[in-house]
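The values are calculated or read from the model by the stated rules, or taken from the named source; none is laboratory data. Since the structure is predicted, the reported quantities are computational estimates derived from the model, not experimental observations. Neighbour counts run over all protein chains shown; Cβ positions are idealised from the backbone, glycine included.
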């Protein structure tokens, strides 16, 4: 296997064995080495993938939290409506308990009460008797300087004290 070597002016001046040695003496051109694929992704690629995943998942998470809040809101509204209807039914029941016919029925059944007899109203044409005032509020007589205990002649000390404390 012989390889065809380019002929140069340098090769022509050298003998054939020297020309072949010269060909090997030249440095081979070195291509820049590119990294060989080892099956591993570089760190910046991982960061980019993770960033894209987070950017894709964020709207889903926000949407699901909003959906969950909406679901809770609908459940609470349904609970409020149920409680309002229960309040209305209890108010109707309280109104039924306060009806006159039910109260009369319960009075007869539970307390063995009977219906009241008709009442009699009397019409009196005379005015009521005049009210008398207690003696302590009446104006004092001629003996204005006398004590209440001394003004009552013929009564005992204790009787006068009781009379002074109690309205006549």
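Of note:
- Among the residues of segment 144-153, just one is exposed (fewer than 10 other Cβ atoms within 10 Å of the Cβ) and either modelled with pLDDT of 50 or more or in a helix (DSSP H, G or I) (or both), namely 153.
- For segment 30-39, the condition of being modelled with pLDDT under 90 and either on the phi > 0 side of the Ramachandran plot or part of a helix (DSSP H, G or I) (or both) holds for at least one residue.
- Scanning segment 154-168 for residues that are at pLDDT below 75 and more than 16 Å from residue 137 (Cα to Cα) returns 154, 155.
- Single residue of 110, 82 found to be surrounded by 10 or more Cβ atoms within 10 Å (Cβ to Cβ) and either at pLDDT 90 or above or touching a strand residue (DSSP E or B) at 6+ places or on another chain (Cβ under 6 Å) (or both): 82
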